[in-house]
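The values are calculated or read from the model by the stated rules, or taken from the named source; none is laboratory data. Only a predicted model underlies this, so the values are computations on that prediction, with no experimental measurement involved. Here the Cβ positions follow ideal geometry from the backbone for every residue, glycine too, while neighbour counts run over all protein chains shown.
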Amino acid sequence: MARNVRFRLSRSWLVAGLCVIAAGAFAWAGTAANPGGPDDSNGITLAGTIPPESGPEAETYPSISRGGLPTRIVIPAAGVDAPVAEVGVVLSDGVPVWETAWRAAGHHIDSALPGQPGNMVITGHVSVADRRNLAAFSALDTVVPGDSIEVYSGGARYLYTIERVLVVPPDAVHLLRSDSVAAVTLITCTRDLKDRLVVVGTLATIENTKDDA
């Protein structure tokens, strides 16, 4: 997948990217605070890791070993249909912050891949200062538990069911932790830009889209 991340150091970029950078730092703090170790190595799933080919996870999610990078996210209830770009941690004035996706939602590259056990983290703007950019999650606050999230990767559509919709302070990093459940966590700012809107879903089904029109 072509990486669609644009770096802009202008004042307008800083305003447009402030909220997602903050949400990204929130996600980075969550993963950094739980890097894994002898007691919790099975609780963290990083993008690119190969899950076990046997055992309960393999039986529940038969396609996890073939998971690829997410390329599109669709949330019908919120009118969301956006491309997904990879974002990673960069240094800004010596402080680690997440890149912001340009005209896309951003998949945090150290989080799980679609369908994998673990937490797949995707962030998006709720509003933008530059009209050429995309407020991918501008209506995310309209979703409710039971609504669906569709994440596309290669020839597959991964359907997640929303379980929780939360408003949390920026330091609520516990929501970024991973376990053996295949989950997706969407993060944006609240409309007043003070807190974080977090939507959590769990994997329901995996569908083949190769024959879709």
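Residues that are within 22 Å of ARG72 (Cβ to Cβ), in contact with a helix residue (DSSP H, G or I) (Cβ under 7 Å, 6 or more places away or on another chain) and either among the acidic types (Asp, Glu) or surrounded by 15 or more Cβ atoms within 10 Å (Cβ to Cβ) (or both): does segment 170-185 have at least one? Looking for residues that are within 22 Å of ARG72 (Cβ to Cβ), in contact with a helix residue (DSSP H, G or I) (Cβ under 7 Å, 6 or more places away or on another chain) and either among the acidic types (Asp, Glu) or surrounded by 15 or more Cβ atoms within 10 Å (Cβ to Cβ) (or both), one finds at least one in segment 170-185, hence yes. Does at least one position in segment 91-99 carry a residue that is over 13 Å from SER153 (Cβ atoms), assigned to a strand (DSSP E or B), at pLDDT below 85 and polar (S, T, N, Q)? Looking for residues that are over 13 Å from SER153 (Cβ atoms), assigned to a strand (DSSP E or B), at pLDDT below 85 and polar (S, T, N, Q), one finds at least one in segment 91-99, hence yes.
Collect the residues in segment 141-156 that are surrounded by 18 or more Cβ atoms within 10 Å (Cβ to Cβ) and under 16 Å from GLN116 (Cβ atoms), keeping them in residue-number order. Matches in segment 141-156: ILE149, VAL151, TYR152, SER153, ALA156. Here ASP147 meets the list (1) modelled with pLDDT of 95 or more; (2) in contact with a Leu (Cβ under 9 Å, 6 or more places away or on another chain) almost entirely, failing just condition (2). Screening segment 188-209 for residues that are in contact with a Gly (Cβ under 8 Å, 6 or more places away or on another chain) and part of a strand (DSSP E or B) and picking the one that is nearest to GLY154 (Cα to Cα) gives ASN208.
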